[in-house]
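The block underneath contains the structure these notes are about, expressed in structure tokens.
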Amino acid sequence: MTNPHLSTHLIHHPYAAPTEFSAPQQPVHKASTVFFPDVATMRSRRWLDKSGYTYGLHGTPTSFTLEERLCALEGGQQCLLVPSGLAAISTISLALLSQGDEVLIPDNAYGPNKDFAQHELARYGIRYAFFNPMDVEDLRSKLSPATKLVWLEAPGSVTMEFPNLLAQVQLVRQHGALSALDNTWGAGLAFLPFDLLRDGGSVQVDISAHALTKYPSGGGDVLMGSIITRDHAVHMRLKLAHMRLGLGVGMNDVELVLRSLPSTALRYHAQDKTARQLVAALQRQNAVKQLLHPAFASSPGHAHWQQLCATPENPAGAAAGIFSVVFDAPQSQVDDFCNRLQLFKLGYSWGGHISLVMPYALDEMRDLGRGAVLPGCLVRLCIGLEDAADLERDVAQAYGHAFGHAWRGQGVH
């Protein structure tokens, strides 16, 4: 077309920048519409195998790059991105369960997973049951011919009990059901979900759900989740459901996760180190009744954590920077302790650079009782990237004001 109007000329300007460009960060490709050079290409291009681009919901080079890097992080072969960690959980259950099927969920699982089964899956004629995560025989007794999916979590949400994940996965596989692990805590760094024995994959989960909101993002400003598999047939069931549900993520958010991903291991291990220092300090305090951190011998399931997370190269093992404290004190004093913290902010989530605190009414969250968690008021602490001594000083001042006990510390004033 010769001499187009200026507005047309600006839209269809022929200049294309040189493609040879290399920089530390990946380019951001954003699209709903994807152009095809001709009709034949449009008709032949396939999105299911990621060999080409057809529409923004099916991915761009930016999202494909993040998916492949997440597979490398967790040891999977296929990855789907979803708008949140909870979206990963709900997509898996919706994709793999039908009317008359049953799903089993550990009683200490992430609360919205249980809620989704109770209030959404049940409406579709899908049965659910909760099992004691620390009793493999309880899981065995609840498996039935209708059980098609078993959710696993290691450690448990809020209370940090570490189950016998090896035995659980093997039992579910023998039964013929699929196992789905909420791997947000492990993050591909504490243990390998698709190679639990580190022998090439003799024991592995079928699906890993990961709230990228946490460690891979690391900034407390992105909501995203991933679904990772090794089995192609399972992946295709998930991928088709993902497409039919219309799930997509924003490429600017993908860019933020790509930018943070290279530092995930550094942040994870730094927060792990600080968390252990605070647990060791809290163990000396009079008002502390129980500490829940799987790397400590007194925490429920410590031996199972050690089996998966401690290696000859790293005998101390790896753990996320999260732990819970059961206080032997009235709820009013525990709430006062949370309110008096200055560096710890009152908020949900974790894995970011700012430390967080949250009290929980545990008895309202469990259907099968407290298990190995002692009576008392529970508080979860999620460690950020602040200096460990500063965090301990903050905990010490809040503890002294709230509980009236002198802080039994070592060099903290």
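If you check residue 199 against the conditions, is it out of contact with any helix residue (DSSP H, G or I) (no Cβ under 6 Å at 6 or more places or on another chain), part of a loop (DSSP other than H, G, I, E, B) and closer than 22 Å to residue 169 by Cβ? Spell out how you get there, then give the answer.
Details: out of contact with any helix residue (DSSP H, G or I) (no Cβ under 6 Å at 6 or more places or on another chain): yes; part of a loop (DSSP other than H, G, I, E, B): yes; closer than 22 Å to residue 169 by Cβ: yes.
Criteria met by residue 199.
With respect to residue 349, is the statement that it is within 20 Å of residue 185 (Cα to Cα) and of a type in the set (S, T, N, Q) true?
Working: within 20 Å of residue 185 (Cα to Cα): yes; of a type in the set (S, T, N, Q): yes.
Spelling it out, residue 349 is indeed within 20 Å of residue 185 (Cα to Cα) and of a type in the set (S, T, N, Q).
Identify, please: which residue in the range 302-338 is of a type in the set (Phe, Trp, Tyr) and over 20 Å from the mean Cα position of the chain (by Cα) and is, among those, nearest to residue 190 (Cα to Cα)?
Of the range 302-338, the ones of a type in the set (Phe, Trp, Tyr) are 305, 323, 327, 337.
Then drop every residue that is not over 20 Å from the mean Cα position of the chain (by Cα), which leaves 327, 337.
Details: 327: 28, 337: 30 Å.
Going through the qualifying residues, I end up with 327.
Take residue 146 and tell me if it is without any contact (Cβ under 8 Å) to a residue 40 or more places away in the chain, farther than 24 Å from residue 375 by Cα and not β-branched (Val, Ile, Thr).
Working: without any contact (Cβ under 8 Å) to a residue 40 or more places away in the chain: no; farther than 24 Å from residue 375 by Cα: yes; not β-branched (Val, Ile, Thr): yes.
Criteria not met by residue 146.
When only residues in the range 31-44 that are of a type outside the set (Val, Ile, Thr) and surrounded by 14 or more Cβ atoms within 10 Å (Cβ to Cβ) count, which is farthest from residue 79 (Cα to Cα)?
If we filter the range 31-44 for residues that are of a type outside the set (Val, Ile, Thr), which is where we start, we get 31-32, 35-38, 40, 42-44.
From what is left, the residues that are surrounded by 14 or more Cβ atoms within 10 Å (Cβ to Cβ) are 31, 36.
Values: 31: 20, 36: 25 Å.
Among those residues, the one meeting the criterion is 36.
State which residue is nearest to residue 253 (Cα to Cα) when the search covers only the range 188-223 and only residues that are touching a residue at least 40 places away in the same chain (Cβ under 8 Å) and touching a strand residue (DSSP E or B) at 6+ places or on another chain (Cβ under 6 Å).
Checking each candidate, the answer is 212.
For (1) in a loop (DSSP other than H, G, I, E, B); (2) over 30 Å from residue 130 (Cα atoms); (3) out of contact with any strand residue (DSSP E or B) (no Cβ under 8 Å at 6 or more places or on another chain), each residue gets a yes or a no:
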position: 353; (1), (2), (3): yes, yes, yes
position: 359; (1), (2), (3): no, no, no
position: 363; (1), (2), (3): no, no, yes
position: 369; (1), (2), (3): yes, no, yes
position: 372; (1), (2), (3): yes, no, yes
position: 380; (1), (2), (3): no, no, no
position: 385; (1), (2), (3): yes, yes, yes
position: 400; (1), (2), (3): no, yes, yes
position: 406; (1), (2), (3): yes, yes, yes
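Within the range 50-61, can one find any residue that is buried (at least 19 other Cβ atoms within 10 Å of the Cβ), under 25 Å from residue 175 (Cβ atoms) and either among the aromatic types (Phe, Trp, Tyr) or assigned by TED's automatic domain parsing to the domain that holds residue 238 (or both)?
No, the range 50-61 has no match at all.
The values are calculated or read from the model by the stated rules, or taken from the named source; none is laboratory data. Every value quoted in this text rests on a predicted model; they were computed, and no experiment measured them. Ideal geometry is used to build each Cβ from the backbone, glycine not excepted, and the neighbour counts take in all protein chains shown.
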